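The values are calculated or read from the model by the stated rules, or taken from the named source; none is laboratory data. These numbers were taken from a predicted model, which means no experiment stands behind them. With ideal geometry, Cβ positions are generated from the backbone for all residues, glycine too; neighbour counts draw on all protein chains shown.
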Amino acid sequence: MNNLLERGWRSLFVATILSISAVIVSGELAVAAEEAPVETAEAADLGVGYALDNAMLFLAAVLVFFMQAGFAMVEAGFNSSKNAVNILFKNSMDICVGVLLFFVVGFGIMYPGSYGINVEESKYFAFGGMGLGGYEVAADRTFSPEVDWLFQAVFAATAATIVSGAVAGRMKVAGYLIYSAILTGLIYPISGMWKWGGGFLAQEGFQDFAGSAVVHGVGGFAGLAGAIILGPRLGRFVNGKSIPMPGHSLPIAALGVFILWFGWYGFNG
């Protein structure tokens with residue numbers, strides 16, 4: 001009789017333990033099943049946000065690239081017809097030279113692998129490297145390096161094109177291309193690094209709105225320097241009197257204005 005009771009209690013104890021274990025395991029599985037969709041949804045949201053950010057930045061880069069056509073139309077329309085070919089060629093070469101030089105050295109200077117001034121501690125040439133190398137360690141980015149490079153490359157070309165209007169009709173192509181290479185490969189990346197690459201301006205809390213200083217300021221001061229060095233256009237002043245030099249095509253200039261107007265939504269957006 002005692003053996004039967006003992007066996008009965010043992011069976012009841014084992015059954016109780018198994019029941020409790022089953023409840024615990026089923027609870028953990030239920031929690032895991034609830035957490036899995038949440039984690040998956042969060043990962044999906046991050047993926048969608050990353051894709052949308054890059055898509056918008058790429059669209060903005062395309063619009064800024066298209067602004068080169070606007071600058072060319074405005075400059076050519078407001079100048080004499082004899083300078084039209086020179087202006088159109090310079091604006092075309094701005095994007096070619098600018099993108100190439102910015103890829104080779106400019107991007108590395110603007111986003112260095114090390115923000116220190118000791119170049120030996122950097123990962124590669126131009127304070128950070130050639131091309132896109134070293135960019136990932138520069139900062140925690142939310143954009144693809146390739147897309148951000150394209151956006152900054154067309155920004156650099158825009159800064160160079162600003163000078164094209166200031167020296168239109170009074171500068172040879174060879175001299176202009178040398179200037180364009182220096183500005184897009186060295187001057188603009190250095191000024192951009194001061195603010196957007198974690199340089200001293202960023203550390204001091206400097207605010208730059210839509211490239212007002214980094215792009216327009218650099219291009220404007222470079223254009224002013226060029227205008228001072230070159231002097232007025234030939235025939236602009238005769239015997240101390242100002243001679244009007246009207247543009248040869250206002251419709252072309254107006255078309256350029258509307259192209260720039262449209263492109264600026266990408267530049268400032």
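Values for this structure:
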quantity	calculated
Check on LEU201, modelled with pLDDT of 85 or more, surrounded by fewer than 23 Cβ atoms within 10 Å (Cβ to Cβ) and on the phi < 0 side of the Ramachandran plot	no
Contacts under 8 angstrom Cβ, first residue in the stretch 230-257 being without any contact (Cβ under 8 Å) to a residue 40 or more places away in the chain and closer than 18 Å to SER81 by Cα, partner surrounded by 10 or more Cβ atoms within 10 Å (Cβ to Cβ) and of a type in the set (Val, Ile, Thr), 6 or more apart	GLY235/ILE243; ARG236/ILE243
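A quick yes/no check of all residues on (1) at pLDDT 85 or above; (2) more than 17 Å from the chain's Cα centre (by Cα):
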residue	(1), (2)
PHE66	yes, no
GLU75	yes, yes
LYS90	yes, yes
LEU100	yes, no
TYR115	no, yes
ASN118	no, yes
SER122	no, yes
